[in-house]
Amino acid sequence: MLILYWVVKAMSVQEVTFFVVNLLDTEGRGVFRCPRCGAEISPDDMTESVYRILDVIMKKDRLDTIVLECIRCGSRIQLIGLDLLNYT
Ligand SMILES: [Zn+2]
């Protein structure tokens, strides 16, 4: 019970919102909108004015997950469904 208490407390303190976006659900080319603020996030945008990449997770030489931070609203977005990018 004590451990559960600390987990709940840690979650409520953290203000960062996490979202999961599946690229296979987007309209192609990997462009999607931030689920929270609607900022357009495009893999072609390398300026880091809208988002920045926090982490890239590889599995067997393939992109598995990309963790982004939306700079406009601070949300963390976990990108999955990256097979789309592997084939292009
Ligand atoms: Zn956002």
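Pairs under 6 Å by beta carbon, first residue over 10 Å from Phe19 (Cα atoms) and of a type outside the set (A, V, I, L, M, F, W, C) in region 65-87, partner at pLDDT below 85 and assigned to a strand (DSSP E or B), six or more apart or different chains?
Pairs that qualify, where the first residue is over 10 Å from Phe19 (Cα atoms) and of a type outside the set (A, V, I, L, M, F, W, C) and the partner is at pLDDT below 85 and assigned to a strand (DSSP E or B): there are none.
Report every pair of residues separated by at least 6 positions or lying on different chains whose Cβ atoms are under 8 Å apart, first residue within region 25-38 and more than 18 Å from Arg76 (Cβ to Cβ), second surrounded by 13 or more Cβ atoms within 10 Å (Cβ to Cβ) and of a type in the set (A, V, I, L, M).
Close Cβ pairs satisfying both conditions: Gly28/Leu84; Val31/Ile41.
Any residue in region 77-86 that is within 12 Å of the ligand (Cβ to nearest atom) and at pLDDT 90 or above?
yes
Could you count how many residues in region 40-72 are of a type in the set (Lys, Arg) and either within 13 Å of the ligand (Cβ to nearest atom) or in a loop (DSSP other than H, G, I, E, B) (or both)?
Here the count works out to 3.
The values are calculated or read from the model by the stated rules, or taken from the named source; none is laboratory data. Here the structure is a predicted model, which means the values were calculated and not measured. Glycine gets a Cβ as well: all are built from the backbone with ideal geometry, and neighbour counts include every protein chain shown.
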